[in-house]
Amino acid sequence: MDRPSRWAIMLSAFGGSFLSNTCVIGLQWGDEGKGKIVDALAAQHELVVRYCGGANAGHSVTVGPERFALHLIPSGILFEQVLCVIGTGVALDLETLLQEIEGLQARGVKVEENLKISDRAHLVMPYHKLEDELAEQAASGSNKLGTTKRGIGPCYTDRAARRWGIRLGEVYSPESFRDKLAHTVEHKNRIFKALYGAEALDVDEIFASMQQMAQRLEPHVVDATALLNDAAEQGRSILFEGAQGSLLDLDHGTYPYVTSSNCSVAGVSAGTGVPFRSIDRIIGILKAYCTRVGAGPFPSELHDSTSEFLRERGHEYGTTTGRPRRCGWFDAVAARHTCRINGVDSVAIMLLDVLSGLEEINIVTAYRYQGKNLCSFPAQAEVLDQVEPICETVPGWTEQIDQCRCFSDLPANAQAYIHRLEALLHTQVEIVSVGPDRDATIYI
Ligand code: IMP
Ligand code: MG
């Protein structure tokens, strides 16, 4: 395996330090291919940490003939020597987590003392998933968000409201947990009945199942904030694994068509307790085109045969929900916005191979709204929905590129496409992915 030598070359561009704390952040609407880059970088880090989102995420990693879909467990789990941590900021669904652990163990992946879970993480309770489902069902028109129905919004809502939020550590004090749960379920039942005519949930049932699941997970539960800060102080390298993408960030994305956490780099410190000054580098992940799953504005979206082409070539179906993803051209306006808010050091361009065979490729380079060019990424979803995307057309290439391993192996037009993106983003492209396999990667 020649990966370390490639990494040595690549890391020398960063001052040669292997021991750095790195963030891998999605710069579009999720599904950029973060899982593959985290998997590649995990081998060079001692810890891999999730800091935001929950089981709404779906990270695909291909190892030889095997494909893994991870939702809650950091992608670093596929390396035995890596310590994986689920941080404070994650919306933790114990049921999904246990299924994921069992699924990995059944395939021979070690998930024992190499997985730690923050006792501060908020729990996604059964009533959160029910509420997500009921609220989406009841919504219509622009009220429908197209969530993954994993209970993410309701869980974070209760966290922010404080009265009803339950953290993992609380389940280990059965008496007070039982009291809080009883109040909460009574409250939820009243609301669900009034709003949706739903049947009442049973407190005892929820209590028993939460207790049972929490017991099984107890060996993994730690003060992750202390663990991570100890690790950082000892100079151990930490990889922060983003979920979703920055355009779904609660504050900086296309609100209200976003998720309920800060999935940009802004969430790293809040979601782990590790101070910003401990972060050494930030790698942004972009697909060579754009996709979005769920509702919300998407200026570069296509509704023609190219959209079909991208969906089929790129297998653009949700890892978590199986929904077909909406597809469109690379949007340099949106990507420039997310490069800036994340302060990325460099970017990785994923799935470049999907574009092979297109005669021409468009890049959205500006938005026009009411006859004027916009000079920044608009805040209002209604505006973003109505902007006219201004495209630049560049020539495509016909060659298959999945066997290319050096930048110079790429067809001239593919090289030019990457250089054009760099110029538009004001950011260096450091990695180009040309296929799902670990080695189908070009380090520039
Ligand atoms: P929620 O996070 O389930 O509340 O969904 C809110 C929006 O974010 C919906 O449009 C989802 O489709 C989208 N979303 C959430 N997680 C992911 C992800 O991991 N990849 C892509 N889209 C996501
Ligand atoms: Mg995904």
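The values are calculated or read from the model by the stated rules, or taken from the named source; none is laboratory data. For clarity, every value in this text was computed on a predicted model and none was experimentally measured. For neighbour counting, all protein chains shown are included, and Cβ atoms are generated from backbone atoms with ideal geometry for every residue, glycine included. Calculation scope for accessible area: heavy atoms of the full protein, side chains included, ligands and nucleic acids excluded. Shrake-Rupley method; radii C 1.70, N 1.55, O 1.52, S 1.80 Å.
Pairs needed: first member in the stretch 14-29, at pLDDT below 50; second member anywhere, not charged (D, E, K, R); C-beta distance under 8 Å; at least 6 residues apart or different chains.
As it stands, the answer is Phe14/Ser20; Ser17/Leu11, since those pairs meet every condition given.
So for the stretch 151-164 (the condition being touching a Lys or Arg at 6+ places or on another chain (Cβ under 6 Å), assigned to a loop (DSSP other than H, G, I, E, B) and assigned by TED's automatic domain parsing to the domain that holds Arg292), does at least one residue qualify?
No, that holds for no residue.
Please work out if Ala379 is aliphatic (A, V, I, L, M), touching a residue at least 24 places away in the same chain (Cβ under 8 Å), loosely packed, with under 13 Cβ neighbours inside 10 Å and within 23 Å of Val344 (Cβ to Cβ).
The answer is yes for Ala379.
Filter the stretch 21-39 down to residues that are open to solvent by less than 10 Å² (accessible area, probe 1.4 Å) and more than 11 Å from ligand 1 (Cβ to nearest atom) and give me whichever is farthest from the chain's Cα centre (by Cα).
Top of the filtered list is Thr22.
Taking Gly76, is it closer than 15 Å to Pro436 by Cα and either of a type outside the set (Asp, Glu) or open to solvent by 10 Å² or more (accessible area, probe 1.4 Å) (or both)?
The answer is no for Gly76.
To keep it simple, each residue is scored yes or no on (1) open to solvent by less than 10 Å² (accessible area, probe 1.4 Å); (2) out of contact with any Pro (no Cβ under 8 Å at 6 or more places or on another chain); (3) within 19 Å of Val268 (Cα to Cα); (4) not in a helix (DSSP H, G or I).
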{"site": "Gln81", "(1), (2), (3), (4)": "no, yes, no, yes"}
{"site": "Val85", "(1), (2), (3), (4)": "yes, no, yes, yes"}
{"site": "Thr88", "(1), (2), (3), (4)": "no, yes, yes, yes"}
{"site": "Leu97", "(1), (2), (3), (4)": "yes, yes, no, no"}
{"site": "Glu102", "(1), (2), (3), (4)": "no, yes, no, no"}
{"site": "Lys110", "(1), (2), (3), (4)": "no, yes, no, yes"}
{"site": "Glu113", "(1), (2), (3), (4)": "no, no, no, yes"}
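Kindly provide the set of residues from the stretch 47-71 that are open to solvent by 10 Å² or more (accessible area, probe 1.4 Å), within 11 Å of ligand 2 (Cβ to nearest atom) and in a loop (DSSP other than H, G, I, E, B), ordered by number.
Across the stretch 47-71, the qualifying residues are Asn56, Gly58, His71.
Pairs please, first residue from the stretch 300-326 and farther than 21 Å from Ala55 by Cβ and part of a helix (DSSP H, G or I), second anywhere and within 16 Å of ligand 1 (Cβ to nearest atom) and open to solvent by less than 60 Å² (accessible area, probe 1.4 Å), Cβ atoms under 6 Å, 6+ apart in sequence or on different chains.
Hits for this filter: Ser307/Cys327; Leu310/Tyr289; Leu310/Cys327; Arg311/Cys327.
Here are the criteria: (1) among the hydroxyl-bearing types (Ser, Thr, Tyr); (2) open to solvent by 20 Å² or more (accessible area, probe 1.4 Å); (3) more than 23 Å from the chain's Cα centre (by Cα). Tell me which single one Tyr417 does not satisfy.
The number of the failed condition is (2).
So, Ser118, is that one open to solvent by less than 20 Å² (accessible area, probe 1.4 Å), within 16 Å of ligand 2 (Cβ to nearest atom) and closer than 20 Å to Ala224 by Cβ or not?
In short, no.
Go through the stretch 258-276 and count every residue that is within 16 Å of ligand 1 (Cβ to nearest atom) and either assigned by TED's automatic domain parsing to the domain that holds Lys149 or open to solvent by 30 Å² or more (accessible area, probe 1.4 Å) (or both).
2
Assuming Gln400 fulfils every condition listed in (1) at pLDDT below 95; (2) under 20 Å from His315 (Cβ atoms) apart from one, which condition is it?
(1)
Please go through the stretch 286-328 and pick out each residue that is under 15 Å from Asn56 (Cβ atoms) and open to solvent by 50 Å² or more (accessible area, probe 1.4 Å).
Within the stretch 286-328, Thr321, Arg323 qualify.
Consider Lys129 carefully, then state whether it is buried (at least 24 other Cβ atoms within 10 Å of the Cβ) and not in a strand (DSSP E or B).
So Lys129 does not fit the description; no.
In the stretch 329-352, how many residues are among the charged types (D, E, K, R) and open to solvent by less than 30 Å² (accessible area, probe 1.4 Å)? Show your work before the answer.
Here is the first cut: in the stretch 329-352, the ones among the charged types (D, E, K, R) are 331, 336, 340, 345.
Narrowing the set further to residues that are open to solvent by less than 30 Å² (accessible area, probe 1.4 Å) leaves 331.
Going through the stretch 329-352 one residue at a time, the tally reaches 1.
Say whether the condition of being open to solvent by less than 80 Å² (accessible area, probe 1.4 Å), touching a strand residue (DSSP E or B) at 6+ places or on another chain (Cβ under 7 Å) and in a helix (DSSP H, G or I) is met by at least one residue in the stretch 386-407.
Yes.
What strands (runs of 3 or more DSSP E), lying completely within the stretch 197-296, carry at least 3 residues that are away from ligand 2 (no atom under 16 Å from the Cβ) and either closer than 20 Å to Leu41 by Cα or touching a residue at least 24 places away in the same chain (Cβ under 8 Å) (or both)?
In the stretch 197-296, 238-241, 281-287 are the strands (runs of 3 or more DSSP E) which contain 3 or more residues that are away from ligand 2 (no atom under 16 Å from the Cβ) and either closer than 20 Å to Leu41 by Cα or touching a residue at least 24 places away in the same chain (Cβ under 8 Å) (or both).
Is it fair to say Thr365 is of a type in the set (Ser, Thr, Tyr), open to solvent by 30 Å² or more (accessible area, probe 1.4 Å), away from ligand 1 (no atom under 16 Å from the Cβ) and touching an Asp or Glu at 6+ places or on another chain (Cβ under 9 Å)?
Numbers: of a type in the set (Ser, Thr, Tyr): yes; open to solvent by 30 Å² or more (accessible area, probe 1.4 Å): yes; away from ligand 1 (no atom under 16 Å from the Cβ): yes; touching an Asp or Glu at 6+ places or on another chain (Cβ under 9 Å): yes.
So Thr365 fits the description; yes.
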